[in-house]
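Encoded as structure tokens, the structure appears first; notes follow it.
The values are calculated or read from the model by the stated rules, or taken from the named source; none is laboratory data. Keep in mind the model is a prediction, meaning the values are calculated, not measured. We place every Cβ from the backbone using ideal geometry, glycine too, and count neighbours over all the protein chains shown. Each accessible area value is taken on the protein alone, full model and side chains, heavy atoms only, with ligands, DNA and RNA left out. Shrake-Rupley method; radii C 1.70, N 1.55, O 1.52, S 1.80 Å.
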Amino acid sequence: MSYEDRDTYGMYKSDMYKSYDEKGPGPRLMGADTLIGEDVYNQKDEDLGDIKEIMLDMNNGKIAYAVLSFGGFMGIANKLFAVPWSALKLDTENKRFILNVDKERLESAPGFDKDDWPDMADPTWQSTIHSYYGAKSYTDTSYTDTKSTKDYTTPPHRNDERIIPVAPVGTDHVKRELD
């Protein structure tokens with residue numbers, strides 16, 4: 001089932017290839033609920049399963065993993081895999097995700113049972129998963145396409161419109177200075 005079929009609020013009712021000046025968020029911004037159940041295929045057009053859950057890092061607001069279900073018969077005894085979100089690419093033409101991994105490699109990937117989830121916040125576990133899929137961690141700040149071009153290291157001017165402070169690199173919070 002594609003995300004257009006689970007579009008409760010009409011976000012994707014118009015053509016996916018509309019011009020950017022038309023209304024609607026997709027496909028650059030998409031509702032998380034519409035992505036649950038989305039099919040995942042590889043480059044060889046092999047069905048790798050579907051997305052069962054999307055894991056959000058509540059400290060930084062980033063998508064960490066898509067939990068993929070693979071194997072089993074009619075939903076029974078499926079193995080679950082946490083796939084780094086950065087390893088998935090949206091295929092808007094076929095309305096599915098692409099994961100660049102062979103089916104055999106996914107079968108031997110670190111997975112888990114629905115009743116025994118791993119500690120996904122554990123840095124060792126995260127490193128293992130990201131290494132396995134050859135993906136950068138969602139906590140990696142070296143992505144050049146996510147860096148701001150504005151210089152936040154110099155004091156702001158009085159007419160600076162910026163309201164939300166930026167946390168220093170390597171911290172998870174902003175230290176507030178008292179007047």
**OP:** Please turn the phi angles of the stretch 103-114 into ³J(HN,Hα) values with the Karplus equation 6.51 cos²θ - 1.76 cosθ + 1.60 (θ = phi - 60°), one per residue in order, whole Hz, x for glycine and proline.
**Re:** 4, 5, 5, 5, 4, 9, 5, x, x, 7, 8, 4
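Could you pull out the pairs from LYS62/LYS136; LYS62/LYS103; LYS44/LYS95; LYS89/LYS114 whose alpha carbons sit more than 22 Å apart here?
Values: LYS62/LYS136 13 Å; LYS62/LYS103 27 Å; LYS44/LYS95 16 Å; LYS89/LYS114 25 Å.
Too far apart for the 22 Å limit: LYS62/LYS103; LYS89/LYS114.
Keeping every protein chain in place, order THR92, THR34, THR128 by accessible area at 1.4 Å, biggest value first, i.e. largest first.
Numbers: THR92 35, THR34 5, THR128 75 Å².
Putting THR92, THR34, THR128 in descending order of accessible area: THR128, THR92, THR34.
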**OP:** Find out how many positive minus negative residues lie around ASP113, taking Lys and Arg as positive, Asp and Glu as negative, among other residues whose Cβ is under 13 Å from that of ASP113.
**Re:** +1
